[in-house]
Structure formats: C-alpha cells, structure tokens
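Student: The structure under discussion is supplied below as structure tokens; questions concerning it will follow.
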Amino acid sequence: MSRQSLAKAHQKIQELAWEPQYHEPYMKYGTDYTFRKAAKKDPLKQVLRSYFPMEEEKDHRVYGAQDGAIRGNMFRQVQERWLEWQKLFLSIIPLPEISAARSMPMLFQAVPNPELHNGQAIQMIDEVRHSTIQQNLKRLYMNNYIDPAGFNNSLRNFHTDYCGTIGRQFAEGFITGDAITAASIYLTIVAETAFTNTLFVAMPAEAAANGDYLLPTVFHSVQSDESRHISNGYATLLMALSDEDNRQLLERDLRYAWWNNHRVVDAAIGTFIEYGTKDRRKDRESYAEMWRRWIYDDYYRSYLLPLEKYGLVIPHDLVEESWKQIWEKGYVHEVAQFFATGWLANYWRIDGMTDEDFEWFEYKYPGWYDRYGKWWENYNRLALPNGHNAIVAEDVDYVYPHRCWTCMVPCLVREDMVMQEVDGQWRTYCHEVCRWTDAEAFRPTYQGRETPNMGKLVGHREWETLYHGWNWADVVKDMGFVRDDGKTMTAQPHLNLDPKKMWTLDHMRRMPHLQSPNVLLNEMSDAEREAFKADYNRQGPAGRPAPKDA
Amino acid sequence: MTTTESNPSAPTERSVPKPVFTDAEAGAKEFPDSSPAARRYNYFNPAKRKQTHYEDVTVEVQPDPRHYLSQGWIYGFADGSRGYPLHWTKLKAWGVDEPEPPRGVGTGSMHVQNWPAHGWHEFRDPNEEWEQTLYRYNANVVRQLTQNVENARNAKAFDLWTPNWIRFVERNVGAWMHIEHILGLYVFAANERSGPTNMHNTAMAVNSAHKIRFAQDLALYNLTLTEEIDGFDGSAHLEAWNSDAEWQGARKVTEALTAVQDDWGEAIFAANIVFEPLIGELFRSNLVMQTAAGNGDFVTPTVMGAGEFDFAQRDLRWTVACFAPLVQDKEFADHNKGLMQGWLSNWVPQALEAARTMQPMWSQADHKPPRFEDALDRAKNRFAGICRDLNLDTPEELKQ
C-alpha cells in the first residue's frame with residue numbers, strides 16, 4: 001500500500017461512495033438550502049492511512065515542546081498579564097472546537113455529495129483533537145503557572161460567567177438551527193476561514209512575545225488542520241451557489257455570520273492582543289493592523305471578493321463597518337474597558353495599563369489617551385482595596401452599559417445602540433445589524449420567504465437578569481469565583497498576589513446591589529424608554545455620561 | 001556628528017521581544033489557591049478516586065443547564081429544542097425527568113448541587129479515548145498494516161493465492177469495505193451530535209474513525225491487490241455489493257441502521273450489540289480469517305484482524321459500558337430493559353436473515369472454512385454472551 005500515490009489512493013476511496021438501495025438514511029437536521037444542481041469534488045484528497053501518522057507526528061512535536069517548556073522553566077519568563085487572559089480564552093475555546101466536531105453530521109445529511117463526506121469526517125476527528133489538546137494545554141498551565149485559580153475551575157466558570165455566553169455563540173452557532181447556516185456558513189466559511197487567523201495565528205504570536213511558546217505550539221498545530229476545513233467550506237459554498245434559490249439565504253447568512261464573528265471574536269481576541277501583552281515595541285503590529293492584514297486583505301479581498309463573480313452577494317458594507325468600528329469607534333478599547341470595569345464578575349486577574357502602555361496605545365491609535373487614559377488611571381488608583389469600592393461602583397465617568405440581546409457583548413459604541421420590542425420584551429442591541437439578526441434573520445420567514453429550518457435565539461441572554469437585586473458578594477460566591485480560603489476572590493484588578501492586597505467577599509459586601517439594565521428597561525414607560533435611548537446614544541466614548549449641556 | 005546623533009551606517013538592532021524574568025512558576029509565592037491541592041480541575045467528580053487524564057480533557061466540555069449552564073442554551077432549533085436534548089433517544093437515565101432549574105429574574109445561577117443531576121453523566125469511556133490515544137492507536141494500525149502488506153508484496157506472497165481465492169477476496173473482502181464505510185459515516189458519525197454528554201459523543205466519534213479507517217484500509221488493500229495480482233478485478237467489489245444475492249441481506253440491514261428514526265441509542269445499540277457480533281464477526285472472524293490461511297493467504301487476516309480488534313477490544317467495550325448501567329438504572333431499569341429487549345426482537349431476526357443469505361460464501365473457496373452453521377453458532381454464542389454482559393435476556397428470535 002505504501003507505494004501508492006495519494007491521488008490514486010484518494011481516487012480509490014471514492015469507490016466507497018454509497019447510494020442507498022433499501023433504506024434512506026434518517027435526516028435529522030434540516031436546511032432551507034437546496035442542492036439540486038450540485039456537483040463538486042472533494043478538495044482535500046486526504047486518506048486516513050496518511051492522516052493518522054501525520055497527526056501523530058504533529059502530536060509528538062506538541063508534547064515534546066511541552067516537556068521542553070517545563071524542563072526549561074518557561075514559566076519563569078511568562079508574563080502574568082498575558083497568562084491571566086488565557087484563563088478566559090482556554091475556558092471558551094474547547095467548546096467551539098468540539099462543537100465543530102458535532103456540526104459535521106449536520107453536513108453529512110444536508111450536503112448530498114458523498115465525496116465531500118470524507119473531508120467532513122476527517123474534520124470531525126480533527127476537532128476532537130483540537131478540543132482535547134486545548135483542554136490539555138490548560139491543564140498544563142494550571143499545573144505549572146504561579147496562579148492556578150481560574151484554570152482549576154475553568155469550565156464551571158465558563159458556563160456561569162457572562163463571557164461564557166458571548167463565547168458560546170462561537171459554538172452553539174455551529175450546531176443549532178439550519179444545518180447549512182450553522183455548520184457551513186457560520187462555521188467554515190466565516191469563522192474558520194476568516195477569524196481563526198486572528199485566533200490561532202495572530203494571538204499565539206503575541207503569546208510568544210510574552211514568554212509563552214506553548215500557546216503557539218498548540219495553536220499553530222491546530223491551525224495547520226484548519227486549511228483542510230477551509231477547503232470543506234469552500235466546496236460546500238460553491239455547491240450552494242450553483243442553485244439560484246440559495247442566493248437570498250447566502251446573503252442573509254453571510255451578513256449574520258460576518259457581523260457576529262466580528263462582534264464576538266474581535267471583542268475577545270482584540271482585547272487579549274492589545275491589553276494582555278507587555279510587548280510594546282512600536283513596530284509590533286496592533287490588532288487593527290493585524291485585522292487589516294488577516295481579515296481585510298487575506299479573507300475579504302483574496303477569498304470573498306473573487307466569489308462575487310459566482311453570484312455571491314458580499315456584505316461589503318459590513319466589512320467596512322467592522323473596520324470602522326475597530327479603527328474609528330474604538331471597539332476593542334471599549335470592550336477591554338468593560339472587561340476591566342466588570343473584573344469582579346470574572347475569574348482572572350486584569351492588570352492595569354502603565355505609562356509604557358499609554359505611550360504605545362497613543363502611537364498606534366492616535367487620540368487614545370484623551371478617550372481612555374483617564375479611566376485607566378482611575379483603574380490603577382482603585383486597584384488595591386483601600387476603603388473604596390470596586391471601580392464599577394465608583395464615580396469614574398462611566399455608565400454601566402446595556403447588553404446586546406444578539407451578540408451579548410454590551411452596547412459599548414453608545415451612538416449605535418438601537419432597541420426594539422421583540423417577542424413581547426424590550427431589547428437593546430449594540431448595532432442595527434444585531435437587531436436585524438434577532439428580529440428578522442432568525443425567524444421562520446425571511447423577506448416573505450418560508451425559512452422553517454432557521455434557528456432561534458433563546459436562553460437568559462442578559463447575565464445581569466439572574467442577579468437582579470443581589471449583593472455583589474453573593475453574586476461572586478454563587479458563581480464560585482472564590483479561592484480556597486473561602487473569601488479571597490479569584491478575580492483581581494491587579495497582579496499582586498500578596499493576600500493583604502487581594503479583594504475578598506467582605507469588600508464586595510458593602511457595594512450597592514447589582515441591577516439588571518434589561519429588567520429596568522422593561523419597567524420603564526414608553527416616554528422614559530425614549531428618553532433613556534436618547535441619552536444613551538449621546539454617551540461615550542469610553543462610557544462617559546452624555547454631556548449635560550447638549 | 002555629535003555623540004547623540006545616530007550613525008546611519010551602524011548596524012540596527014533587530015526588533016524582537018525581550019525575555020523578561022517574571023518568576024511566574026508554580027510555587028514561587030504563597031497565597032490562597034497556591035497549594036498543590038488547587039492544581040486540579042475541581043468542577044467535576046471523577047468516576048474513581050483519582051481523576052484521570054481522559055476525564056480532565058473530556059468531562060464538562062459539553063455544558064449542561066442542569067449543572068453550571070446558568071444562562072441556558074442560547075441557540076435553539078426551529079422546533080424549540082436546544083443544546084443536546086435528552087429525548088434524542090428513548091432510553092432514560094435516572095434524573096432525566098427532573099426539570100431544569102427554573103431560572104429567571106433574580107434567581108442566581110441555581111447550580112445543581114447534587115451532581116450528577118442525571119445518570120447520563122456517569123458514563124466514562126473505558127478506553128479513555130482522547131486525541132492522543134486516538135492518533136497513537138490508529139497510526140500504529142495503519143503503520144503495521146502497511147508493513148504487513150509491503151512484506152507480502154516483497155515476498156511475492158500473492159503468487160500463492162488460488163484463482164478461487166482471488167475471486168473471493170476481490171468480491172467479498174472488497175464488499176465488506178462498504179459496510180464499514182456506511183456504519184462509520186452514516187451511523188456512528190451521524191449520531192455523534194446526538195448524545196447527551198461529551199463522553200458519549202466523543203466515544204461515537206472515535207468509533208466512527210475506526211470504521212472509516214478500516215473501510216479505507218480495505219479499499220487501499222484492494223488497490224494493492226489490483227496492482228500486484230494479474231487478473232485481480234479492483235471493481236468487482238462494486239458489482240458484488242450492488243448485485244450479489246449473498247450481500248443484499250447484509251446491505252439491507254446496514255442501510256436500515258442508518259434509517260433509525262431519531263434515536264441515537266437504538267442506532268448504536270443495533271450496530272454494536274446486534275449487527276457486529278451476528279454479521280460483522282461472523283464474516284470477518286468466522287469466515288475470512290478462518291479460510292484465508294488454507295488458501296495460501298496470510299495477509300488478508302492481518303488486515304481484517306485490525307478491524308476485528310477495533311470492534312472486539314475497543315468499540316464493544318465502550319458500548320457495553322454505555323448500555324449496561326441503563327439496564328440496572330435506579331429509576332428506569334424496567335423502561336430501558338423493555339426498550340432494549342424490543343430492539344433485540346426487531347434487529348436480531350433481520351441480522352440472522354442477513355447472515356443466512358451470506359451462507360453461499362462459505363462454499364466459494366477451494367479450502368473450505370468450518371461449516372456455516374458452526375460459524376453461526378459461534379456468532380450466536382458470542383452474541384448471547386454480550387447480552388448476558390448487558391443483563392439482557394437472550395432473545396427468543398436467536399433460535400431462528
């Protein structure tokens with residue numbers, strides 16, 4: 001068998017293709033797409049005989065590097081600022097990975113092309129690899145990094161914390177609703193093809209600059225599998241395009257998937273890269289620069305645009321709007337500021353910004369200091385417990401934001417916030433596109449067309465709702481974000497591990513009770529709600545209250 | 001030039017991150033949660049005294065609103081179902097009828113304190129499969145197979161095959177690849193979205209990988225034989241699979257396994273508990289591997305044997321570990337036993353009918369294997385043993 005060429009071997013395994021003769025397979029997952037005219041070859045040409053040894057070899061390199069890192073005391077050089085954010089990232093990412101594995105059966109059924117099923121099956125196995133190898137990396141951090149808190153209760157935290165719901169879109173979105181919308185457009189066409197570049201390439205590069213070479217070791221190994229998945233998505237997309245009836249759905253799904261990925265991934269990865277690093281060399285790329293290179297040039301211009309000639313309607317306006325959000329409206333900075341405002345509801349420690357950081361931000365994002373500098377100075381001033389409250393309850397010119405019902409990131413670019421009564425409830429959205437996603441796209445009809453397979457946005461989508469009226473100490477305790485002495489908080493707004501400098505539940509006890517913005521919104525009269533919206537849209541940047549004189 | 005001016009001809013320093021000593025390694029300081037006891041995942045109860053590596057990388061990755069998922073699932077299907085619904089099989093594990101915590105305004109997380117909240121979460125794959133075990137095992141299999149076949153090729157071992165044996169392998173061993181492929185993709189992979197926990201779904205994904213690999217092993221072996229043996233028809237397996245009467249029974253049951261309506265439990269049970277021992281092992285062990293040596297073939301049993309090991313030593317193990325506790329479930333034992341007995345009554349006759357249609361294959365080689373009835377008896381005994389392991393009654397239909 002060893003002498004056979006890959007092309008020949010791949011050709012041979014096509015003989016396995018199955019045409020049912022006695023029973024049709026049960027179709028569990030529906031789609032509103034049709035593939036009547038579809039014919040596309042498997043672009044992967046991967047056979048398991050070569051796949052398994054290849055992955056084993058990749059594993060050898062990963063686990064060898066991990067041994068080396070421990071023997072070489074890598075953690076003596078790891079920046080705590082950086083690794084603390086990994087408590088969030090590595091609590092999120094194993095679920096999206098395993099969800100990607102779970103999404104592949106949806107494609108077996110929805111895409112009637114046995115030749116593609118081989119590639120989808122290999123992707124399924126890859127994703128099991130990614131999920132478990134990432135859980136294992138987190139385990140290694142927990143065992144060897146100075147502060148295991150947040151790693152050791154990682155999945156409980158992720159399932160409880162508001163960041164979990166933001167991250168879970170990048171998982172549940174792969175496996176629920178219309179099979180093609182979820183497993184093909186959202187997962188492979190947009191998430192894997194566009195945004196894994198910043199997730200699995202740009203961010204690990206930043207890890208290395210912060211003394212952590214295990215994140216790049218693991219995630220570059222993961223990313224080397226992604227190219228196959230991108231091919232899966234591309235092949236399915238071309239099949240979908242060959243049927244005119246799919247064009248409207250493709251346009252809808254690309255708009256939803258692009259915007260949601262931008263809202264979720266740019267929020268998280270942008271924050272990790274910009275606010276989790278100690279590398280402030282002026283010539284290192286900012287997240288905006290990385291985004292321009294990886295997303296705008298490599299994905300939008302090189303991948304998406306050429307598909308226009310096949311009839312794909314590209315969401316040019318949303319690509320440009322995303323860039324505007326990042327470059328002009330400070331989206332990443334607003335998110336980082338919110339994470340730090342709500343440090344007490346999290347399970348990692350968030351370091352304050354220093355003069356060196358300020359200088360770098362001002363160099364990369366001119367005008368940054370005027371917008372955000374003062375607030376970060378206040379963050380540092382309030383970092384150690386000293387008779388005051390946590391920053392969220394202090395007067396630092398910051399209005400606690402409402403959450404977006406769709407992407408669940410707060411409505412941070414205040415001027416863009418819109419609201420609508422949907423399903424009998426007033427909801428706030430961070431942007432018109434998020435409103436459209438909930439109120440129009442995820443519905444059983446779309447622009448007059450029946451879309452009976454489209455999914456729904458469900459669940460308790462505003463975290464604060466669950467804790468409306470609660471004391472903060474009880475909130476933190478209920479979530480389980482407390483260290484093993486029973487009172488010191490897992491999260492801290494600084495990196496000082498001196499127990500005397502750490503916040504405890506006692507400090508939380510004296511704070512005002514937590515209020516749910518959405519509950520309060522729904523208690524307002526119509527006039528009050530309009531006034532609230534008008535005020536909210538005049539707030540910012542950096543969460544500042546609306547100017548009084550306007 | 002003053003000393004403060006830069007010298008354009010001087011070599012510029014490369015811009016690279018500078019290593020910094022941070023002393024951020026375990027044990028460098030003492031503070032709450034710095035002790036070794038804090039260095040373990042503390043959000044689940046291990047099945048045994050000490051949590052395993054497998055559990056660490058698998059348990060709780062797929063969340064559950066009955067445990068920590070306080071905001072609930074955030075996407076739903078059009079019919080309202082969301083996440084990993086427990087009713088995607090008719091089997092029940094204790095606790096499944098308990099409602100999810102009624103969360104809402106001001107309720108807090110309502111984490112379930114008595115964990116596990118239902119019996120599905122007690123399942124652990126006895127093979128402890130995760131990515132490292134998966135690749136080590138399968139890479140070893142394909143490496144060994146490649147060496148076996150290469151050695152046979154170098155030794156001109158295929159020259160010893162009789163014409164009848166060549167026909168047998170090209171048609172029948174070849175036809176078997178289709179069964180493995182269909183089971184791998186359209187039964188095991190097709191159901192790995194449907195199980196109630198990450199441990200179930202990962203076990204199904206691994207089972208699927210075994211099957212798909214084995215199907216491809218057979219296909220590529222078939223390709224080698226086409227290249228090595230004059231007159232070996234590499235497409236005869238398609239004709240046999242599509243047309244030979246002795247294959248249509250097995251094909252019918254295989255396809256029926258893909259058509260199980262909305263019940264991952266029944267599909268997996270019928271495939272690994274009924275189909276595999278009564279048809280799979282009957283063909284692989286009790287026909288091909290018993291017959292090959294007498295017909296001058298020492299290679300085919302090594303290829304078949306790899307697939308046989310997948311099932312006998314790994315796939316059956318997790319399946320028994322999955323289903324056996326349900327028969328003794330503290331709340332739903334009777335329900336589950338009745339259900340599984342019903343599945344046996346439905347699937348065993350189909351499997352036996354298919355097995356009997358395969359009987360002519362026992363006469364096709366020059367050197368005959370043990371009699372078909374003896375082979376079928378062995379398969380039945382094996383199946384009856386599996387039923388005993390599951391605490392199920394051997395179905396009456398087995399006497400057919």
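Student: Please return the ranges of helices (runs of 4 or more DSSP H) entirely within region A:271-387 where 3 or more residues are of a type in the set (D, E) and at pLDDT 95 or above.
Tutor: Passing ranges, in order: A:316-327, A:355-364.
Student: Then there is this: Filter region B:300-357 for residues that are of a type in the set (S, T, Y) and surrounded by 22 or more Cβ atoms within 10 Å (Cβ to Cβ); which is nearest to B:A270 (Cα to Cα)?
Tutor: Only one residue fits best here, namely B:T319.
Student: Among the helices (runs of 4 or more DSSP H) confined wholly to region B:220-316, which include 1 or more residues that are under 23 Å from A:Q109 (Cα atoms), modelled with pLDDT of 95 or more and away from chain A (no Cβ under 14 Å)?
Tutor: Counting at least 1 such residues, we get B:264-269.
Student: For A:A209, indicate whether it is in contact (Cβ under 8 Å) with a residue 24 or more places away in the chain, among the hydrophobic types (A, V, I, L, M, F, W, C), within 14 Å of chain B (Cβ to nearest Cβ) and buried (at least 24 other Cβ atoms within 10 Å of the Cβ).
Tutor: So A:A209 does not fit the description; no.
Each row is one residue, and each column tells you yes or no for (1) surrounded by 24 or more Cβ atoms within 10 Å (Cβ to Cβ); (2) closer than 30 Å to A:Q492 by Cα; (3) of a type in the set (G, A, S); (4) at pLDDT 95 or above.
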{"position": "A:T31", "(1), (2), (3), (4)": "yes, no, no, yes"}
{"position": "A:R36", "(1), (2), (3), (4)": "no, no, no, no"}
{"position": "A:L107", "(1), (2), (3), (4)": "yes, no, no, no"}
{"position": "A:H117", "(1), (2), (3), (4)": "yes, no, no, no"}
{"position": "A:I125", "(1), (2), (3), (4)": "yes, no, no, yes"}
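Student: Residues B:H118, B:H111: which one is over 17 Å from the mean Cα position of the chain (by Cα) and away from chain A (no Cβ under 12 Å)?
Tutor: B:H118
Student: Given the structure, is A:E226 surrounded by fewer than 24 Cβ atoms within 10 Å (Cβ to Cβ), in contact with a helix residue (DSSP H, G or I) (Cβ under 7 Å, 6 or more places away or on another chain) and in a helix (DSSP H, G or I)?
Tutor: Against the criterion (surrounded by fewer than 24 Cβ atoms within 10 Å (Cβ to Cβ), in contact with a helix residue (DSSP H, G or I) (Cβ under 7 Å, 6 or more places away or on another chain) and in a helix (DSSP H, G or I)), A:E226 qualifies.
Student: Name the single residue, out of those in region A:152-173 being within 9 Å of chain B (Cβ to nearest Cβ) and of a type in the set (F, W, Y), that is farthest from A:W259 (Cα to Cα).
Tutor: My answer is A:F158.
Student: Any idea which of B:D366, B:D374 is part of a loop (DSSP other than H, G, I, E, B), surrounded by fewer than 16 Cβ atoms within 10 Å (Cβ to Cβ) and either of a type outside the set (F, W, Y) or at pLDDT 95 or above (or both)?
Tutor: So the residue among B:D366, B:D374 that is part of a loop (DSSP other than H, G, I, E, B), surrounded by fewer than 16 Cβ atoms within 10 Å (Cβ to Cβ) and either of a type outside the set (F, W, Y) or at pLDDT 95 or above (or both) is B:D366.
Student: Which members of region A:196-210 meet the condition of being over 20 Å from A:A65 (Cβ atoms) and modelled with pLDDT of 85 or more?
Tutor: Residue satisfying the conditions is A:T196 alone.
Student: Sticking with this one: Please go through region B:121-162 and pick out each residue that is away from chain A (no Cβ under 14 Å), without any contact (Cβ under 8 Å) to a residue 40 or more places away in the chain and farther than 16 Å from B:T302 by Cβ.
Tutor: Those that are away from chain A (no Cβ under 14 Å), without any contact (Cβ under 8 Å) to a residue 40 or more places away in the chain and farther than 16 Å from B:T302 by Cβ: B:K156, B:D159.
Student: Okay, next question. Give me the residue from region A:474-486 that is touching a strand residue (DSSP E or B) at 6+ places or on another chain (Cβ under 9 Å) and surrounded by 19 or more Cβ atoms within 10 Å (Cβ to Cβ) and, out of that set, nearest to A:S516 (Cα to Cα).
Tutor: So, considering only residues that are touching a strand residue (DSSP E or B) at 6+ places or on another chain (Cβ under 9 Å) and surrounded by 19 or more Cβ atoms within 10 Å (Cβ to Cβ), the one nearest to A:S516 (Cα to Cα) is A:V476.
Student: For A:R510, state whether it is surrounded by fewer than 22 Cβ atoms within 10 Å (Cβ to Cβ), more than 8 Å from chain B (Cβ to nearest Cβ) and closer than 27 Å to A:D317 by Cβ.
Tutor: For A:R510, the condition - surrounded by fewer than 22 Cβ atoms within 10 Å (Cβ to Cβ), more than 8 Å from chain B (Cβ to nearest Cβ) and closer than 27 Å to A:D317 by Cβ - is not met.
Student: Any residue at all in region B:196-213 that's touching a residue at least 40 places away in the same chain (Cβ under 8 Å), within 9 Å of another protein chain (Cβ to nearest Cβ) and under 16 Å from B:M304 (Cβ atoms)?
Tutor: Yes, some residue in region B:196-213 is touching a residue at least 40 places away in the same chain (Cβ under 8 Å), within 9 Å of another protein chain (Cβ to nearest Cβ) and under 16 Å from B:M304 (Cβ atoms).
Student: Let me ask something else. Restricting to region A:410-442, and then to whatever is hydrophobic (A, V, I, L, M, F, W, C) and more than 24 Å from A:P547 (Cα to Cα), can you tell me which residue is nearest to the chain's Cα centre (by Cα)?
Tutor: Once the filter is applied, the top-ranked residue is A:C434.
Student: Cβ-Cβ under 8 Å, sequence separation 6+ or interchain: first residue in region B:356-374 and within 13 Å of B:A293 (Cα to Cα), partner in a helix (DSSP H, G or I) and among the aliphatic types (A, V, I, L, M). Which pairs?
Tutor: As it stands, the answer is B:P369/B:L287; B:P369/B:A375, since those pairs meet every condition given.
Student: In the set A:R449, A:R461, which member is under 30 Å from A:A110 (Cα atoms), within 8 Å of another protein chain (Cβ to nearest Cβ) and out of contact with any Asp or Glu (no Cβ under 7 Å at 6 or more places or on another chain)?
Tutor: A:R461 is the lone residue from the list that is under 30 Å from A:A110 (Cα atoms), within 8 Å of another protein chain (Cβ to nearest Cβ) and out of contact with any Asp or Glu (no Cβ under 7 Å at 6 or more places or on another chain).
Student: Further question on the same structure: From A:I133, A:I146, A:I122, which residue is among the hydrophobic types (A, V, I, L, M, F, W, C), more than 21 Å from B:H53 (Cβ to Cβ) and within 7 Å of chain B (Cβ to nearest Cβ)?
Tutor: Of the residues listed, the single one that is among the hydrophobic types (A, V, I, L, M, F, W, C), more than 21 Å from B:H53 (Cβ to Cβ) and within 7 Å of chain B (Cβ to nearest Cβ) is A:I146.
Student: Just to verify a result, which residue in region B:62-74, among those that are more than 15 Å from A:M479 (Cβ to Cβ) and buried (at least 23 other Cβ atoms within 10 Å of the Cβ), is nearest to the other protein chains (Cβ to nearest Cβ)?
Tutor: B:I74
Student: Out of region A:135-144, which residues are farther than 15 Å from A:L83 by Cβ and buried (at least 23 other Cβ atoms within 10 Å of the Cβ)?
Tutor: A:Q135, the sole residue that qualifies.
Quick grid of which residues meet (1) surrounded by 22 or more Cβ atoms within 10 Å (Cβ to Cβ); (2) over 19 Å from the mean Cα position of the chain (by Cα); (3) within 28 Å of A:H460 (Cα to Cα); (4) not acidic (D, E):
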| site | (1), (2), (3), (4) |
| --- | --- |
| A:H333 | yes, no, yes, yes |
| A:R349 | yes, yes, yes, yes |
| A:F358 | no, yes, no, yes |
| A:W376 | yes, yes, no, yes |
| A:P401 | yes, yes, yes, yes |
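Student: OK, next. Give region B:86-99 a look and list any residue that's surrounded by fewer than 22 Cβ atoms within 10 Å (Cβ to Cβ) and either away from chain A (no Cβ under 11 Å) or closer than 16 Å to A:F158 by Cβ (or both), or say none.
Tutor: Within region B:86-99, B:L86, B:H87, B:K90, B:W94, B:G95, B:V96, B:D97, B:E98, B:P99 qualify.
Student: Suppose we filter B:L257, B:L225, B:L220 for residues that are in contact with a Phe, Trp or Tyr (Cβ under 9 Å, 6 or more places away or on another chain) and under 30 Å from B:N164 (Cα atoms); which single one remains?
Tutor: B:L225 is the lone residue from the list that is in contact with a Phe, Trp or Tyr (Cβ under 9 Å, 6 or more places away or on another chain) and under 30 Å from B:N164 (Cα atoms).
Student: Can you confirm whether region A:273-286 contains a residue that is within 14 Å of another protein chain (Cβ to nearest Cβ), among the hydrophobic types (A, V, I, L, M, F, W, C) and either surrounded by fewer than 18 Cβ atoms within 10 Å (Cβ to Cβ) or over 24 Å from A:R544 (Cα atoms) (or both)?
Tutor: The answer is yes; a qualifying residue exists.
Student: Same structure again: Given the conditions (1) within 11 Å of another protein chain (Cβ to nearest Cβ); (2) crowded, with 24+ Cβ neighbours inside 10 Å; (3) aliphatic (A, V, I, L, M); (4) touching a helix residue (DSSP H, G or I) at 6+ places or on another chain (Cβ under 7 Å), and given that A:L88 satisfies all but one, which numbered condition is not satisfied?
Tutor: (1)
Student: Cβ-Cβ under 6 Å, sequence separation 6+ or interchain: first residue in region A:1-23 and at the interface with another protein chain (Cβ under 7 Å from one of its Cβ atoms) and within 26 Å of B:Q144 (Cα to Cα), partner modelled with pLDDT of 90 or more and surrounded by fewer than 18 Cβ atoms within 10 Å (Cβ to Cβ). Which pairs?
Tutor: Every condition considered, the pairs that remain are A:S2/B:E150.
The values are calculated or read from the model by the stated rules, or taken from the named source; none is laboratory data. What you see is a predicted model, and the numbers here were worked out from it, not measured in a lab. Every residue, glycine as well, gets a Cβ built from its backbone with ideal geometry; the counts of neighbours run over all protein chains shown.
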